[in-house]
Amino acid sequence: MKTIIGRIRLLLMGLWLGAAVFFGAAVAPGVFGVLRAAQLSNANELAGMIVQRGLAVINRGGFEIALFLLVTGFFINRKESRLVQFAEMISLAIVAIMTGVSHWVVSARMLALKAAMQAPIDQIAVGDPRRVAFDALHGYSVIVMGVAILAGLAAFLIMARPRAITESARP
C-alpha cells in the first residue's frame, strides 16, 4: 500500500509541476502573443481573462495537492531520516502557501483592481496608479509562482529519490 501511495504522491506532484511550468512557459505567453498579433483593441484584457482562469486552476490544484501530500507524507515517510522528512514537508508547505497566496491574495487583488478600473486594462494609461499597482501585483504573481515551482521541484526530487521508493516498496 505504501508503494501505491508513494507513486500516487509522486505522480500528483509531477502533474502539478508539469502543468505549472507548461502554463507559465507556453500557455500564458502564447495567449498574449496570439491575441496581441490579432491587433485587437482589448487584446491584453482578453488574454488576461484567459490566463486568470487557467492560473486559478493551477493555483487551487497546487494548494490542494500540496495539502494532500503534506498529510500523506506523515504516514509514508516514517522510515526516512528527519532531515529528508523536514525538507519534503517544508517544500510542500511552501508550495501550499505560495499557491494559496497567489490565488487568494495576489489574484484577488488584481481582479479587484481591474474591476475598479471600469475599463479594459488596454485603455488605462500606463502611469495611472491603478495600472501601476496592477503591474506590480503581476510581478509579485510571477515571483510567487516561481517560488512555488522551485519548491515543487525540490519536493518532487525528494519524493523521487531511489532510496525513498525502495524503502516504501518493502512489505
Alpha-carbon Rg/Rh ratio, for the chain, with Rh computed the Kirkwood way: 1.10
Residue-by-residue Karplus 3J(HN,Hα) for the range 97-112, coefficients 6.51, -1.76, 1.60, Hz, glycine and proline x: 5, 5, 5, x, 5, 4, 6, 8, 10, 5, 4, 4, 5, 5, 5, 5
Accessible-area ranking of LYS2, LYS114, largest first, probe 1.4 Å: LYS2, LYS114
CD proxy at 222 nm, helix term only [per DSSP H run n ≥ 4: -39500 (n - 2.57); per residue of the chain; nearest 500]: -27000 deg cm²/dmol
Estimated inter-spin distance, LEU83 and VAL27, nm [label 7 Å along Cα→Cβ]: 3.7 nm
J(HN,Hα) series, the range 73-86, from Karplus relation 6.51 cos²θ - 1.76 cosθ + 1.60, nearest Hz, glycine and proline x: x, 5, 8, 8, 9, 5, 8, 6, 5, 4, 5, 5, 4, 4
Inter-probe distance in nm under a simple model that places probes 7 Å from Cα toward Cβ, at ILE97 and LEU11: 3.1 nm
Solvent-accessible area, 1.4 Å probe, carbon plus sulfur percent, for the chain: 72 percent
Separation between Cα centres of the range 1-74 and the range 109-144, rounded to whole Å: 21 Å
For the chain: accessible area per residue (Å², 1.4 Å): 56 Å²
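The values are calculated or read from the model by the stated rules, or taken from the named source; none is laboratory data. Quick caveat, the model's predicted, so the values are computed rather than measured. We place every Cβ from the backbone using ideal geometry, glycine too, and count neighbours over all the protein chains shown. These accessible areas exclude ligands, DNA and RNA; they are computed on the full protein's heavy atoms, side chains included. Shrake-Rupley method; radii C 1.70, N 1.55, O 1.52, S 1.80 Å.
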